[in-house]
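What follows is a single structure, written as structure tokens, with notes after it.
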Amino acid sequence: MIVTAIRLVTAAAALTVGIAAAAAQSAEPARPVLKAHVTVNSGIVRIGDLIDNAGVVADVAIFRAPDLGTTGTVPVAAVIEAVRPHALVGFDTGGATEIAVTRASREIAISEIERSLAEAVSVRFHAGPARDITVSFDRDPQSIQVDPAAQGSVGIARLSYDARTSRFDATLEIPTGTTQRGLLRLAGRAYATVETVTVTRSIDRGVVLKASDLTIERRPRAQVDRDTVVGIEHAVGLAVRNVVRPGQALRAADLTRPELVQRGQMVTLVFEAPGLTLTLRGKATESGAEGDTVSVLNEQSKRTIQGVVVGPGHVVVSTASPRFAANVPAAADSRR
């Protein structure tokens, strides 16, 4: 009995020691681990940004952050030296030799700046719809990176504009923080444009245009003639009068109805009269589009007849009464 009791006490003591040891291990803080890539939202890098489980020193600043929207690298050796004075040693580096640090940002695209300027020129100087105004800068600006917390859109603090030269000089308000705004000065040109139709390849005289031959380009309104074609639908199905080169804006004068009959072409000549239809072959002596009146040589009678082009290679001659008796030899007088 005594021996058994002693054994039970010993086992209980061992169990208690094991539980205490396990509890002690679970109470130990997790080992600090170096991160391979981090993103920071401010201008400084803290220990906790670079090292997980950094403890009470996590908020200590040790490096300056990269510029907004950019990424820099920090050698692991430099991190070790920076945290050593704060008694953070022996952390797990994971075998890394450097850490990539990215500074978070919000991008203000150039397209947003162009849109703001176009709207301002449109409203303040009555330059036409903002959607038709093209903005170009004297120096190509880069997209602007601002603090992720920056609120609001681009504003126009000052704007001067010369409608004759299309020149502008503007000072823009750029949101840079929660409540802060910075100033940006830009100069360039803002001019009204119109859509013009151009060809995508060289087009020979007489070729009928298809939608695939055409594209839309915006051109300064001041450089566009009044008869410039402004919609692809107004050019499709028409033929070009002369050779047209890529990038050349089409004008109404450059286009014509496609010729369905060519000079010298053998055509089908259809004679129509009340109660009579006659089809012959003839040679066109001039070219014509649908609806045009052209001359055709009747190869049987050797007479030139005028008819209306109704389709490719088809010419119709209409008359109120038959006109072909003159081509038939007169009948002999039965009285002779």
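The values are calculated or read from the model by the stated rules, or taken from the named source; none is laboratory data. All values reported here derive from a predicted model rather than from experimental measurement. All Cβ positions, even for glycine, are placed from backbone atoms using ideal geometry, and neighbour counts span all protein chains on display.
If ASP49 satisfies every condition in (1) surrounded by 14 or more Cβ atoms within 10 Å (Cβ to Cβ); (2) part of a strand (DSSP E or B); (3) acidic (Asp, Glu) but one, which is the exception?
ASP49 satisfies every listed condition except (2).
Test THR228 against the criterion of being assigned by TED's automatic domain parsing to the domain that holds LEU209, of a type in the set (Ser, Thr, Tyr), in contact (Cβ under 8 Å) with a residue 24 or more places away in the chain and touching a Ser or Thr at 6+ places or on another chain (Cβ under 7 Å), and give yes or no.
Yes: the conditions hold for THR228.
Looking at GLU173, GLU98, GLU112, which is the one that is modelled with pLDDT of 90 or more, charged (D, E, K, R), over 15 Å from TYR191 (Cα atoms) and assigned by TED's automatic domain parsing to the domain that holds PRO75?
Going through GLU173, GLU98, GLU112 in turn, the sole match is GLU98.
Considering the stretch 279-296 alone, what residues qualify as being part of a strand (DSSP E or B) and surrounded by fewer than 16 Cβ atoms within 10 Å (Cβ to Cβ)?
Of everything in the stretch 279-296, those that are part of a strand (DSSP E or B) and surrounded by fewer than 16 Cβ atoms within 10 Å (Cβ to Cβ) turn out to be THR279, ARG281, ALA289, THR293.
Condition (residue is within 30 Å of GLY152 (Cβ to Cβ) and part of a strand (DSSP E or B)) applied to the stretch 87-100: is it met by at least one residue?
no
Residue-by-condition table, conditions (1) surrounded by 18 or more Cβ atoms within 10 Å (Cβ to Cβ); (2) within 30 Å of GLN142 (Cα to Cα); (3) among the hydroxyl-bearing types (Ser, Thr, Tyr):
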position: PHE168; (1), (2), (3): yes, yes, no
position: LEU172; (1), (2), (3): yes, yes, no
position: THR178; (1), (2), (3): no, yes, yes
position: ALA211; (1), (2), (3): no, no, no
position: VAL240; (1), (2), (3): yes, no, no
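Among the residues of the stretch 104-141, count how many are more than 18 Å from the chain's Cα centre (by Cα), assigned to a loop (DSSP other than H, G, I, E, B) and touching a residue at least 12 places away in the same chain (Cβ under 8 Å).
Here the count works out to 6.
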